[in-house]
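Please read the structure below before turning to the comments.
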Amino acid sequence: MKFWRQPGFWLPLALVFLWGGIVLVLKQDTIRETTFTVMMFMALASSLNILLGYTGYVSFGHIVFFGLGGYTGFFLISEMGWPLYPAALAGGALSGVIALLVGLAVLRLRGAYFALATIGINEAARAFVSNFGPFGGATGLFVNFSAYEKYGGAGQALWTTFTFLWITTLVVLLVSYLVKHSRFGLGLQAIREDEDAAMVMGVQAPRAKTITYVISAFFPGIIGTLYFFKNGNVEPGDAFQLHMSIEMLVMVMLGGMGTVLGPMVGATAYQGLRGYLLTSPIFKDLHLAVAGLILLLIILFVPAGAVGWVRGRLPALRRVLE
Amino acid sequence: MMILQVQDVTKRFGGLQALTDVTFDLPAGQILGLIGPNGAGKTTLFNVINGVYAPNKGQIIFRGDDITGMPSYEVARRGMARAHQVVRPLHDLTVRENVMVGACFGREGHSLASAVQKADAALAQVGLSGRADQPSGLLNVAQKKRLELARALAARPYLLLLDEVLAGLNPTEITEMVDTILKIRDEGITILMIEHVMQAVMSISDRIIVLDYGQLIATGKPEEVAANPQVIEAYLGDPEMTARLMAE
Ligand SMILES: Nc1ncnc2c1ncn2[C@@H]1O[C@H](COP(=O)(O)OP(=O)(O)OP(=O)(O)O)[C@@H](O)[C@H]1O
Ligand SMILES: [Mg+2]
């Protein structure tokens, strides 16, 4: 079956395409900012899902790739005068290379050991960057306003950044679908279900896992660059926030791990909830506790997440809700 | 031609000597039965042969190549497939997708499209065609055993390792499975099978080897092995087994 004839292939892409397109037509700053945040988490959660959902490996410290890639891209823009696009791609590439090196060591670990190791990597990266002179140490880096001039001023630069994020999100979703429905992806799913049995059937698990880790690290590196460029500065406290990692996990689990649509649904729902909690005076300081609680409830009662649950109940919708 | 040569294989788990100097050859095209009491080291021998564990000592030669210490996926690609004692279906995948894993990553390394056909052929061969679209978690024990077999067959192996594929089956299911195994042999696939169901293994094996406490204590034609006093003694701890063995 050809994938472009499948409704499940088009649905996530069409939703994001329309959403981003409408925002670009409306041209309103507040809508752009809200959408930027939701789409950023969609793309981050989808990247994480390529590893978590397809191979079953829980990367608890995945935000490290957002941080390191973001720092690198930001450095290239603010200190080296690179344009945004190549800088963001370089940020992604750096995250990919780090994942390759780190992956060779930590992907041998399974289950909780792997999850713990990824937290360690995030903390090590934070400590390193905080003491790394070229990245500005603990104070971080600031972008010179002249960098925005290239894009027609700060206001226009924000729209350019948004457009790039929109395209990146579409690419992540495309890659997620293609990985899932490829021979390579079948091998990953076999690893997720039973790694030893998969290897006995000929799946080259070490290689497949490393490639997947690199893919799932590449996109957060791009997204990090866009995010920090939009903010105008980057510092260790913003780049390596473990709670963002946990929120990414919640989004994937909420929407449904191992599905293409799930992380999108999860990111949108979680951001909506979060927006509500942050404005409510009682919950303002509790949103992380709520995130933890949601995670617990999902794992206990709906481990398949929203999309997985619907797919299980209504098999007729399986080809639509991938 | 010898498809498999196992030479002086020793495997230890900490202080436990699971295999001691095991040596045997397997000519292509035959069915070799591997029997022995519980805990004798049969499954461990499979694990060493197909690369799940590296032996502490000794060599495994497969189709003339030394494969000792190779990872299990490399051994699989060279044409050795295995059905596990504890069935391990990939639960979230459908029955067909499970078998496609074998076709995609086994010896012939099919693309997804051609793997679908290979998977359906393997499912037909083991009589599971009707279940192809079900999640594999929903199968009963007998069907899961057939799924294990189909996955291994879809890899189009030269050598098939079967670990107790008859265990837990009722007499009718055993007869069906034995028929399937004989047909596989007739296609030219060599089979090494671990089995506790004596009557079946005695009737279909060309030769039998017997493992006891990690050592090979007998090898020969089924009737020779059944009459071997050492073999009978090995099973003495298990009176029911002994009775069944003597009844042959
Ligand atoms: N990974 C392992 N670590 C430690 N000990 C092991 C391991 N695998 C097997 N053993 C031990 O090695 C011995 C042989 O086990 P094995 O599973 O090979 O026996 P078996 O002949 O297949 O038995 P059964 O007929 O019950 O399946 C047992 O004592 C078992 O406990
Ligand atoms: Mg065993």
Which of the residues that make up region B:19-40 are at positive phi, surrounded by fewer than 24 Cβ atoms within 10 Å (Cβ to Cβ) and either within 15 Å of ligand 1 (Cβ to nearest atom) or within 14 Å of another protein chain (Cβ to nearest Cβ) (or both)?
B:G39
Of the residues in region B:103-147, those that are under 19 Å from A:E193 (Cβ atoms) and small (G, A, S) come to B:A103, B:G106, B:A115, B:A119, B:A122, B:A132, B:S136, B:G137
Return yes when B:E148 is in contact with a Gly (Cβ under 9 Å, 6 or more places away or on another chain) and among the acidic types (D, E) and no when it is not.
no
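Quick one: which of A:G202, A:G187 is within 12 Å of chain B (Cβ to nearest Cβ), over 15 Å from A:M257 (Cα atoms) and in contact with a Gly (Cβ under 6 Å, 6 or more places away or on another chain)?
Working: A:G187 fails: in contact with a Gly (Cβ under 6 Å, 6 or more places away or on another chain).
Just one listed residue meets the conditions, A:G202.
Of A:G292, A:G272, which residue is assigned to a helix (DSSP H, G or I) and modelled with pLDDT of 85 or more?
Numbers: A:G292 fails: modelled with pLDDT of 85 or more.
Being assigned to a helix (DSSP H, G or I) and modelled with pLDDT of 85 or more holds for just one of A:G292, A:G272, which is A:G272.
Can you tell me which residue is nearest to ligand 1 (Cβ to nearest atom) among those in region B:81-97 that are farther than 17 Å from B:I49 by Cα and in a loop (DSSP other than H, G, I, E, B)?
It comes out as B:V86.
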Considering only region B:57-76, I want to know if a residue exists there that is of a type outside the set (V, I, T) and within 16 Å of ligand 2 (Cβ to nearest atom).
no
Pairs where the first residue, in region A:3-29, is crowded, with 16+ Cβ neighbours inside 10 Å and the second is polar (S, T, N, Q), C-beta under 7 Å, 6+ apart
A:V16/A:T169; A:W19/A:T35; A:V23/A:T35
Can we say B:D186 is crowded, with 18+ Cβ neighbours inside 10 Å and more than 15 Å from the chain's Cα centre (by Cα)?
no
Which condition number does B:D133 fail, the rest of (1) among the acidic types (D, E); (2) within 16 Å of ligand 2 (Cβ to nearest atom); (3) within 27 Å of A:R311 (Cβ to Cβ) being met?
(2)
Take the residues in region B:98-139 that are closer than 19 Å to B:V178 by Cβ and surrounded by fewer than 21 Cβ atoms within 10 Å (Cβ to Cβ); name whichever of them is nearest to the other protein chains (Cβ to nearest Cβ).
B:Q125
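Is one or more of the residues making up region B:7-14 in contact (Cβ under 8 Å) with a residue 40 or more places away in the chain, crowded, with 19+ Cβ neighbours inside 10 Å and within 17 Å of the chain's Cα centre (by Cα)? Can you show your working first?
Our first condition is that a residue be in contact (Cβ under 8 Å) with a residue 40 or more places away in the chain; within region B:7-14, this holds for B:7-12.
With the extra rule that they be crowded, with 19+ Cβ neighbours inside 10 Å, the set shrinks to B:9, B:11.
Subset that is within 17 Å of the chain's Cα centre (by Cα): none.
No, that holds for no residue.
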Taking the condition of being surrounded by 24 or more Cβ atoms within 10 Å (Cβ to Cβ) and within 15 Å of A:S59 (Cβ to Cβ), how many residues in region A:225-244 meet it?
1
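Somewhere in region A:219-231, is a residue outside any helix (DSSP H, G or I), under 22 Å from A:L288 (Cβ atoms) and either at pLDDT 95 or above or within 14 Å of chain B (Cβ to nearest Cβ) (or both)?
If we filter region A:219-231 for residues that are outside any helix (DSSP H, G or I), which is where we start, we get none.
No: region A:219-231 contains no residue that is outside any helix (DSSP H, G or I), under 22 Å from A:L288 (Cβ atoms) and either at pLDDT 95 or above or within 14 Å of chain B (Cβ to nearest Cβ) (or both).
The values are calculated or read from the model by the stated rules, or taken from the named source; none is laboratory data. What you are looking at is a predicted structure, and each value in this text was computed from that prediction instead of being measured. Don't worry about glycine lacking a Cβ; one is built from the backbone with ideal geometry, like all the others, and counts go over all protein chains shown.
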